[in-house]
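Here the structure is laid out as structure tokens; the discussion comes afterwards.
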């Protein structure tokens with residue numbers, strides 16, 4: 001009976017995973033092929049933020065009063081579009097996000113005065129966790145989605161560097177990195193773990209996630225490097241200078257940079273998986289939601305991706321600063 005249940009579970013997991021990939025690919029193609037495609041991709045990111053915030057509120061509901069839940073969700077509703085509009089129109093998405101976050105903090109602290117009977121310091125801390133993860137982290141994904149774009153109004157430009165323009169370190173590449181490295185890293189980590197765990201059984205974090213092994217973690221880093229190499233050749237063959245056979249100028253410089261970004265992003269992916277595992281263990285949950293059968297919730301799918309976004313965005317910002 002158990003094998004039948006396992007097959008049914010795997011079937012659901014494969015189907016929902018394929019649906020996720022198809023939706024993601026469709027939005028990415030719209031992003032790169034149609035006018036205002038970045039805004040269209042923002043809609044997908046916004047959906048991640050709203051569903052993910054609802055999942056976090058559900059997970060932390062025992063530590064949140066009704067007013068605190070409302071404030072956190074309103075923050076997610078406002079913050080992500082504010083970041084997108086601020087970045088797209090003016091190039092100041094970080095500033096708009098900071099304003100929203102400070103408004104959140106003041107609103108939560110005010111509850112200690114106006115709702116002191118039901119609001120505690122522990123509640124405020126739980127509310128901040130629900131706001132930062134995922135909505136505030138998703139704002140970085142919004143910034144990556146507009147990286148290198150010239151604002152609709154304003155005089156902020158990416159760089160005057162011929163090399164940077166030639167290599168096309170822009171939002172198309174950033175999004176490709178974010179949504180390729182994490183799944184490739186997870187897949188290679190899974191095969192390393194399954195194939196070598198008998199020879200190398202050492203656990204990575206036994207109290208947080210008993211199924212994760214050190215050899216699987218190493219496999220994830222290998223997967224990050226492999227994903228980065230694939231991104232380099234695929235992206236340059238398709239996008240750079242619209243060349244049919246690609247443009248691989250200064251490969252000896254840029255390919256190692258891609259690989260470093262890929263390995264660091266895979267490291268962040270593994271850390272993000274552990275963070276979510278820790279949250280679920282503390283809350284006594286198996287999954288964060290049930291929107292994706294076989295996977296769980298949106299946060300179960302994008303946990304590592306959110307932390308990989310931090311690395312990719314920081315790396316791209318660093319390349320931009322060095323190239324200016």
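All of the numbers you see were taken from the coordinates with simple rules; none came from a lab. Note that this is a predicted model, so its numbers are computed, not measured. No Cβ is skipped: glycine too gets one built from the backbone with ideal geometry, and neighbour counts run over all protein chains shown.
Residues 15, 40 in ascending order of nearby Cβ atoms (within 10 Å, fewest first): 15, 40. Computing percent of Cα pairs over 24 Å apart directly from the structure and comparing it against [x] 47; [y] 51; [z] 58 singles out [z]. In segment 89-124, which residues have a backbone nitrogen under 13 Å from the label point lying 7 Å from residue 153's Cα in the Cα-to-Cβ direction? Once the point is set 7 Å along Cα→Cβ of residue 153, 89-92 turn out to lie under 13 Å by backbone N, inside segment 89-124. Each of 198, 12, 212 was scored by other Cβ atoms within 10 Å of its Cβ. Arranged with the fewest first, they read 198, 12, 212. Contact order, relative form, for the chain: 19 percent (alpha carbon pairs under 8 Å, 6 or more residues apart, mean separation divided by residue count). Label point of residue 257 set 7 angstrom out along Cα-Cβ; within segment 296-324, amide nitrogens under 15 Å from it belong to 312-324.
Label 7 Å along Cα→Cβ of residue 90; segment 166-207 residues with amide nitrogen under 16 Å? The answer is none, because no backbone nitrogen lies closer than 16 Å to the label point. Panel order for 95, 236, 282, 295, by other beta carbons found within 10 Å of each beta carbon, from fewest to most: 282, 95, 295, 236. Remark: spin-label model distance residue 229-residue 77 equals 4.9 nm, labels positioned 7 Å along the Cα→Cβ axis.
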